[in-house]
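Asker: Have a look at the structure that comes next, please.
The values are calculated or read from the model by the stated rules, or taken from the named source; none is laboratory data. The shown structure was predicted, so the numbers you read here are calculated from the model rather than taken from an experiment. Don't worry about glycine lacking a Cβ; one is built from the backbone with ideal geometry, like all the others, and counts go over all protein chains shown. Remember, those area values only see protein heavy atoms, side chains included, never the ligands or the DNA or RNA. Shrake-Rupley method; radii C 1.70, N 1.55, O 1.52, S 1.80 Å.
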Amino acid sequence: MINTLATKHIRLHKLTIVCAGGGTLGSVTPLLAVAQELKKQLIGYEVRLVWFGTKNGPEKEIVSSKDFEYIIIPTGKWRRYFDLKNIIDLFLIVYATVQVYIWLIKNKADIVLTAGSFVAVPVGVAAWLSRVPVAIHQQDVKVGLANKILAPLASLITTTFENLNKYFSIGKCFYTGNPVRQEFLNYIPSQTVSGREQFVMEVKNKLGLNLNLPVLAVIGGGTGAASLNSIIYESLPELVKNWQVVHLVGRDKLDQIYNHVNYHKLDFTTDSLSVLLPADLVITRAGLGTLTELGILHKTIIVVPMSKSHQEANAELIAEKQAGLYLHQEELTSGDLVANVNKLWNDVDRREMYAGNLAKLFPKDGAERVVGHILRLLKDVIARSE
């Protein structure tokens, strides 16, 4: 219904859609899902997708494998404490803003989409200065600095959770749920049992997994998580006795050596579905993009958020909704981790409760809802340009 209402009056028009995000993958996956849905709904239209990101961030590899033109911009990060680097980074932000402003004008961009991250700030400010509409998505339970800065400049704000609307202006903020990439929606358990099982078997064979042991996936995020990795390495001698451990350690973090037939280490992948789908249990950070995809796949999770970060608020929500087991990194030892993994695995009812409650947190049509609002905004943009 949203699709038809949003698109039926849009005349053929060349659309240039700009996404901005990176540094980590947290702000990337929802934008990829939105871009996928836009291409799907705007079939027959000439759509140019452009991504502004960092030079060395993990987003470059995953975005470049899609239909995007990737443009590197200098990035600065504002630290909420005194640091001389703030002065340098302030100049970088201003320089990036000017660069992007010129590009947006020259290329007649129609809309800028962001989901947080420091990369988004100069792009969003440049868009506002050049009168290009800005649409931002608020993923996390706690509103980040980038979205706080860009919210007054935005024409549209969408949110993962309904109670987040109170932080933004009424009339331009809408609850949509978190956008999910189509490849994850293709493997929703209740809809694709046979296809899901076949894919899982193919991945297990590809990774060389022992089919007689359950699979424990450890996800530290696109850039890895050194402290979480350290605890996992200490726990491996016990974990590999009962588990096939698939460990996504993060780019450039393969230096730690542990050889065992039941341990499989990856540094980075553009195909996270192949890591998550075969897992019987997942240990993860608390980034909302990953949590959403795990919910869609109906996974049981142990969440270990990054200390003193926005992830702790996400993890608290998971615990409150009984959607996973929350372990505090500061108090966590390898012995505690192994005990909690085995205890949770042996409690079938608890595992099923966690997985079911996690799935309930994230509607499956988040991308469609976000795109419905974007298309209504684009319709006005196109009408003004005709």
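Asker: When you scan the range 118-134, do you find a residue that is at pLDDT below 90, within 26 Å of L38 (Cβ to Cβ) and open to solvent by 10 Å² or more (accessible area, probe 1.4 Å), even just one?
Answerer: Looking through the range 118-134, at least one residue is at pLDDT below 90, within 26 Å of L38 (Cβ to Cβ) and open to solvent by 10 Å² or more (accessible area, probe 1.4 Å).
Asker: Also, quick follow-up: Which residues, counting only those in the range 98-117, are out of contact with any Gly (no Cβ under 6 Å at 6 or more places or on another chain) and open to solvent by 20 Å² or more (accessible area, probe 1.4 Å)?
Answerer: Matches in the range 98-117: V98, Q99, Y101, I102, W103, I105, K106, N107, K108.
Asker: Same structure, new question: Looking at the range 9-55, which of the residues that are hydroxyl-bearing (S, T, Y) and under 23 Å from the mean Cα position of the chain (by Cα) is modelled with the lowest pLDDT?
Answerer: The residue in question is T24.
Asker: Same structure, new question: Assess whether A319 counts as being touching a Phe, Trp or Tyr at 6+ places or on another chain (Cβ under 8 Å) and exposed (fewer than 15 other Cβ atoms within 10 Å of the Cβ).
Answerer: When the stated conditions are applied, A319 passes them.
Asker: Moving to a separate point now. Can you name the condition, by its number, that S169 falls short on among (1) outside any loop (DSSP other than H, G, I, E, B); (2) surrounded by fewer than 16 Cβ atoms within 10 Å (Cβ to Cβ); (3) of a type in the set (S, T, Y); (4) modelled with pLDDT of 90 or more?
Answerer: (1) is the only condition that S169 fails.
Asker: Among the residues of the range 58-70, is there at least one that is assigned to a loop (DSSP other than H, G, I, E, B) and at pLDDT 90 or above?
Answerer: Within the range 58-70, not a single residue is assigned to a loop (DSSP other than H, G, I, E, B) and at pLDDT 90 or above.
Asker: If you go through the range 322-341 one residue at a time, how many are at pLDDT 95 or above, of a type outside the set (S, T, N, Q), open to solvent by 30 Å² or more (accessible area, probe 1.4 Å) and assigned to a helix (DSSP H, G or I)?
Answerer: Number of matching residues: 3.
Asker: Scanning for something at pLDDT 95 or above, surrounded by 19 or more Cβ atoms within 10 Å (Cβ to Cβ) and under 24 Å from N229 (Cα atoms), does the range 362-373 turn up at least one residue?
Answerer: no
Asker: Let me ask something additional. Working carefully through the options T284, T300, T269, find the one that is within 22 Å of N56 (Cα to Cα), touching a strand residue (DSSP E or B) at 6+ places or on another chain (Cβ under 8 Å) and β-branched (V, I, T).
Answerer: Of the residues listed, the single one that is within 22 Å of N56 (Cα to Cα), touching a strand residue (DSSP E or B) at 6+ places or on another chain (Cβ under 8 Å) and β-branched (V, I, T) is T269.
Asker: May I ask you to verify whether A6 is modelled with pLDDT of 85 or more and in a helix (DSSP H, G or I)?
Answerer: Taking the combined requirement at face value, the residue does not satisfy it.
Asker: For the range 302-311, state whether one or more residues are farther than 16 Å from A226 by Cα, without any contact (Cβ under 8 Å) to a residue 60 or more places away in the chain and in a helix (DSSP H, G or I).
Answerer: no
Asker: Kindly provide the set of residues from the range 249-264 that are surrounded by 16 or more Cβ atoms within 10 Å (Cβ to Cβ) and modelled with pLDDT of 90 or more, ordered by number.
Answerer: Those that are surrounded by 16 or more Cβ atoms within 10 Å (Cβ to Cβ) and modelled with pLDDT of 90 or more: N262, Y263, H264.
Asker: Let me ask something else. Out of F174, F161, which single residue is of a type in the set (A, V, I, L, M, F, W, C), at pLDDT 95 or above, in contact with a strand residue (DSSP E or B) (Cβ under 9 Å, 6 or more places away or on another chain) and farther than 20 Å from L378 by Cα?
Answerer: From the options F174, F161, the qualifying one is F161.
Asker: Next up: Within the range 101-131, can you find the residues that are in contact with a Ser or Thr (Cβ under 9 Å, 6 or more places away or on another chain), of a type outside the set (S, T, N, Q) and not in a helix (DSSP H, G or I)?
Answerer: Hits for the range 101-131 are K108, A109, D110, I111, A115, G116, F118, V119.
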